[in-house]
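Take a look at the structure set out below.
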Amino acid sequence: MSTATERDAVTIGDAQAGPTGSTPSSRKRVGSRLREGRAAWILALPFLLLFLVFTVWPVFQSLFMSFTDTKAKDLRTPFAVAFVGVENYTRALTDETFLRAARNTAYFVVVGVPLTLTLGLAAAVALDRGITKFRSAFRLGFYTPVVTSIVAVAVVWQFLLQQDFGLINTVLGWFGIPGPNWLGDPNWSMPALIMMASWRNFGTSMIIFLAGLQAVPWALHEAAAIDGASAWQRFRFITIPLLRPIILFVSVITMIGYLQFFEEPFVMTNGGPLDSTISMSMYTYKQFGFGNYGYAASLSYLIFVVIAIVTAIQFRLLRENQ
Amino acid sequence: MNSIQAKGKWWLYLLLTIAVIAVAAPFIWMVLGSLKPTTELRQTPPTWWPQNPSLDNYTQLFSRLSFGTYFANSTIVAVVVTAGNLLFCSMLGYALAMLNFRGKNVVFVAVLATLMIPGVVTFVPLFVLVANAGLVDTLPGLVLPFLVAPFGVFLMRQFILGLPRDLLDAGRVDGAGELRIFARIILPLCGPALATLGILTFLGSWNNFLWPLVVAQTEKTYTLPVALALYSKGQNSTNYGLLLAGATVVVIPILLLFVAFQRKVIEGIATTGIK
Amino acid sequence: MRRTSAITLAGVTALALTVSACGRQDAASGSAATGKAVSSGAAKGTITVWAMGAEGENLPTLTKEFEAANPGVKVQVTAIPWDAAHDKFTTAITANKTPDVAMVGTTWMGEFAGMNALDPTPPAVDKSVFFDGAQKTTEVNGTSFGVPWYVETRLVYYRTDLAKKAGITTPPTDWAGLKTMAKAMQTKAGAKYGIGLQAGGTGSWQSVMPFAWSAGAYLTKDGGKAYNFDSPEVLKASQYYQSFFTDGIADKAAPATPTTEPDFASGKVPMFISGPWEMSAVEKAGGGAKFKEKYGVFQIPADTKSSSFVGGSNLVVFKNTKNRDSSWKLVNWLTDPKTQVKWYGMSTDLPSVKSAWQDPALTADDKLAVFGKQLETAQAPPSFPTWEQVVTSFDTEMEKVTKTGADPAAALKTVQKQAESIGTGN
């Protein structure tokens, strides 16, 4: 299908543009190219103006800061600081707590992202064609965690995760499994936060998948069913391939979000117990709080580098093979 | 369609009902909790139904807060930011997806890159910039830094990439200008994407706490989240009753918007009939 | 290729900016400065004030009296949430958007003074009227910035009825006595844990340092120029603190959100260490005013003396204020003993001025009197700009000491090393 192949050209800078096939005269071609370029710049201008002023300029400033030993008291005289080259960066790479935070973040992402995406996709598929009635009610219900105040979330989840009478351990008890002290045990604190984060965020994936699923032609499913394909086969060979660009988008966005996970440990465990839940973003935030602006800026850009690499890998993996 | 449609798969309905109750339970607890006094909320084990349900938290909140001012500020800021993102991000997203121009790749990489930079690192430089521009304690100061965002560009680009390119050619053949093609042909087809971006942008702006806190110098510029934090969190204790009541109040516009926009997402695709 | 040239341009710009960084000028060695004198006469103009939380809400009522006494002056109070208040201050200082007067947490003083944001206290202000520990919180590098506004300190709360059951009729005054009492609560009064103590983690220093100070520890050495964590007194206090956990008297695995008040009311954990705000909190949890008779407070037991942590908030005037004289007049008015008593009535914030405690409003309550007594010997941590960062390392090590039984001596050596590498920030 034409839309499928065009939708698959979702890689950086790969979008083909311009008409193919019939060849108008070269002068007309140049003219249309020029018109295109001009129109593009008009369309791009408002965004770019605001973007350059409010995003790019602060980025350059903070990048500069990361190569100095700027502290809080230097911020009013940003140039009266000492240039330290990559010292902040090398210090970060040998900072035990930061490395711990990096490992925690990796754990969180490797388990959390697939879990969240699976839940989101399952919910979207179930609500798209799986059922016919009460779809809006279910959609709303599944989206509520995303909009619930983090404080309310924290209170409720702290109760759920209580060792003695928390709901989760009670349910586990029905199956004869003794539940651990989720938030107090360094080995179980991360799984607890992963559960909480997946619960909290799958709604966002769900609504984006739902939007994407709308564009999967039902006619294809009908044709396949007539040929004897099961629901699972239809899902695997029709839905997933057509959904690939959206899967890429949701995966990238969720990954970017989770690599910077902050709220869950900040509110639930404050990085503990024994630094088992401290994340890279939390540690960076703490450093900003201490006034170590140069160092904290370098930590932020290290996080950026990690995110950039992971994103590039995803673009590569989820690229459609032509 | 009916043969492979869920013929009232009761087990699926049951599963989903259990799931949605489990998932939405904290939200329901939050709303129920707003009807309880703080002492009941601190009880362990926590109660579910309020022992003596009362609107006391709400009356306290509304009598202490100049609710109208904060609600108006939050609304103006969220609406303008959402409108700005919907318009400007779709413009650039379309240009990146469909048009050829010099510097196209640089722009896309730059936009994508800033999406990956943790927001905390640009916070202070941004504030100094806004302060030097004289925008502290003003609504434009709350709006301008967020009027466009890279997320919107990325989302719109991905969606527009899925639209048939023949539409462009058809438009050009008909003699339509490039901007007209964008406004009259492409944009109407972007309903679902715009609705989704709208919800997410509005949500982000509505719940934004740190920036409005730092930009405001007087209470007349506070937004709802800032004002609510004022009354619920003390130095050494938290007034959970007020906090949950405030959280419930804050969430209602979002839910209304969600219901309205979600319908548009589904309807939008169905009517455009993207094959 | 266009892409690479754009990137090169960006890179060169960044490099140019970086290299043009002029480098640090050596700061003049900070000698103790005294503020400029303040003119006499009534206050005038507009004074902008920032205050957090409930103080921000209640202050306008009080300042109306100031306006009445000083016609022509307008006091504009902006209430700020406690949540992220520290960030609001640091960004405001950075962008030069500070108010005239502000209420500032005692542990933030070193940092803000280090950012050169605060105005030194005028010489006419009598520093001896304040509690000593509180006054020290305003002193950074020998200079006093601002004045203490209200104070709080930490005492041991205990259930009097359960203590009687455990055979304790008078509160203990030494360390051994405290431990015996807590243990007796468990064995004879049915408590699950004798005393609630924070098992390390953020802010746990406020529970451990009172014991260190009671043992006579000084947290600085070399004439106040360096941190001093691995002193014998701090070690003694850490070992004592650890013993509560190893002996099972305090809960190692206490939940992140403390359940202090419900546990106190139910008798599960009938002792804990905290500040004056807990009085109304436990009374609410215990069912109202009749709970008042069921609990009491006593001073931190002494090793060489009884000392505790003094916190609270100070009032500061910012350096770039445009209305300096009137701002200081407001600050002085707020620390007048009569105003302090009035403020106590409105907010239950404890006065920082010693003579205000003679007022019947404060002498009436016996529990309050114990707080007043402890305030006389309570101490505050050094007001170094790096305190928050350094004490984080202390909190982390304390967590290991209490939860995993790590060796306190080694832990304190680690903390001291960290403290030395971070420096005092002065």
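Before moving on, here are some points about what is shown:
- Check on A:Val216, within 12 Å of chain B (Cβ to nearest Cβ) and within 24 Å of B:Pro164 (Cα to Cα): yes
- Residue list for segment B:152-170, filter: facing chain A (nearest Cβ under 10 Å) and more than 16 Å from A:Pro245 (Cβ to Cβ): B:Gly152, B:Asp166, B:Leu168, B:Asp169
- Flag if C:Pro122 is surrounded by 18 or more Cβ atoms within 10 Å (Cβ to Cβ), under 17 Å from the mean Cα position of the chain (by Cα), within 16 Å of C:Thr335 (Cβ to Cβ) and of a type outside the set (Phe, Trp, Tyr): no
- Annotation: A:Phe47 fulfils all but one of (1) touching a Phe, Trp or Tyr at 6+ places or on another chain (Cβ under 7 Å); (2) in contact (Cβ under 8 Å) with a residue 24 or more places away in the chain; the unmet one is (2).
- Test: residue in segment B:124-139 that is touching a Ser or Thr at 6+ places or on another chain (Cβ under 8 Å) and more than 10 Å from chain C (Cβ to nearest Cβ): yes
- Taking the listed residues B:Val173, B:Val109, B:Val143, B:Val79, the one that is among the aliphatic types (A, V, I, L, M) and facing another protein chain (nearest Cβ under 9 Å) is B:Val109, with no other qualifying.
- Residue within segment C:245-253 that is touching a helix residue (DSSP H, G or I) at 6+ places or on another chain (Cβ under 9 Å), within 24 Å of C:Ala265 (Cβ to Cβ) and assigned to a helix (DSSP H, G or I) present: yes
- Residue count, segment A:209-263 (criterion: more than 29 Å from A:Ile303 (Cα to Cα) and of a type in the set (S, T, N, Q)): 4
- Exclusive hit being more than 30 Å from C:Lys64 (Cα to Cα) and among the small types (Gly, Ala, Ser), set C:Gly312, C:Gly267: C:Gly267
- Answer from A:Gly272, A:Gly212, A:Gly257 - the residue that is out of contact with any Pro (no Cβ under 6 Å at 6 or more places or on another chain) and in a loop (DSSP other than H, G, I, E, B): A:Gly272
- B:Leu15 meets all of the listed conditions (1) within 19 Å of A:Leu161 (Cβ to Cβ); (2) within 10 Å of chain A (Cβ to nearest Cβ) but one, namely (1).
- Close pairs (6 angstrom Cβ cut-off, 6 or more residues apart or separate chains): in contact (Cβ under 8 Å) with a residue 60 or more places away in the chain and at the interface with chain B (Cβ under 10 Å from one of its Cβ atoms) in segment A:253-266, among the aliphatic types (A, V, I, L, M) and in a helix (DSSP H, G or I) anywhere: A:Met255/A:Val113; A:Met255/A:Val310; A:Leu259/A:Val109; A:Leu259/A:Ile307
- Test: residue in segment C:87-101 that is out of contact with any strand residue (DSSP E or B) (no Cβ under 6 Å at 6 or more places or on another chain), more than 7 Å from chain B (Cβ to nearest Cβ), of a type in the set (A, V, I, L, M) and within 21 Å of B:Asn208 (Cβ to Cβ): yes
- Residue check for C:Ala189: within 14 Å of another protein chain (Cβ to nearest Cβ) and over 23 Å from C:Ile422 (Cα atoms): no
- Looking across segment C:271-316, just one residue is farther than 30 Å from C:Ser144 by Cα, within 13 Å of another protein chain (Cβ to nearest Cβ) and among the hydroxyl-bearing types (Ser, Thr, Tyr), and that is C:Ser280.
- All conditions but one from (1) free of Cβ contacts under 8 Å to residues at least 60 places away in the same chain; (2) of a type in the set (A, V, I, L, M); (3) part of a loop (DSSP other than H, G, I, E, B) apply to A:Leu183; the one that does not is (1).
- Hey, B:Asn52 within 30 Å of A:Gly37 (Cα to Cα), surrounded by fewer than 16 Cβ atoms within 10 Å (Cβ to Cβ) and not β-branched (Val, Ile, Thr) or not: no
- Neighbours by Cβ (under 9 Å, 6+ apart or cross-chain): first from segment B:26-45, more than 8 Å from every other protein chain (Cβ to nearest Cβ); second surrounded by 16 or more Cβ atoms within 10 Å (Cβ to Cβ) and part of a loop (DSSP other than H, G, I, E, B): B:Glu40/B:Pro46
- Among the conditions (1) within 12 Å of chain B (Cβ to nearest Cβ); (2) at pLDDT 80 or above; (3) in a loop (DSSP other than H, G, I, E, B), A:Phe202 misses just one, which is (3).
- Residues within segment C:182-228 that are crowded, with 24+ Cβ neighbours inside 10 Å and over 24 Å from the mean Cα position of the chain (by Cα), tallied: 4
- Members of segment B:233-255 that are under 23 Å from the mean Cα position of the chain (by Cα) and either crowded, with 23+ Cβ neighbours inside 10 Å or within 21 Å of A:Val155 (Cβ to Cβ) (or both): B:Leu243, B:Leu244, B:Ala245, B:Gly246, B:Ala247, B:Thr248, B:Val249, B:Val250, B:Val251, B:Ile252, B:Ile254, B:Leu255
- Top-ranked residue in segment B:117-168 [being in a helix (DSSP H, G or I) and among the polar types (S, T, N, Q); ranked as surrounded by the fewest Cβ atoms within 10 Å (Cβ to Cβ)]: B:Asn132
The values are calculated or read from the model by the stated rules, or taken from the named source; none is laboratory data. Given the structure is predicted, the values throughout are model-derived calculations rather than measurements. Neighbour counts are summed over all protein chains in view; Cβ atoms, including those assigned to glycine, are modelled from backbone coordinates with ideal geometry.
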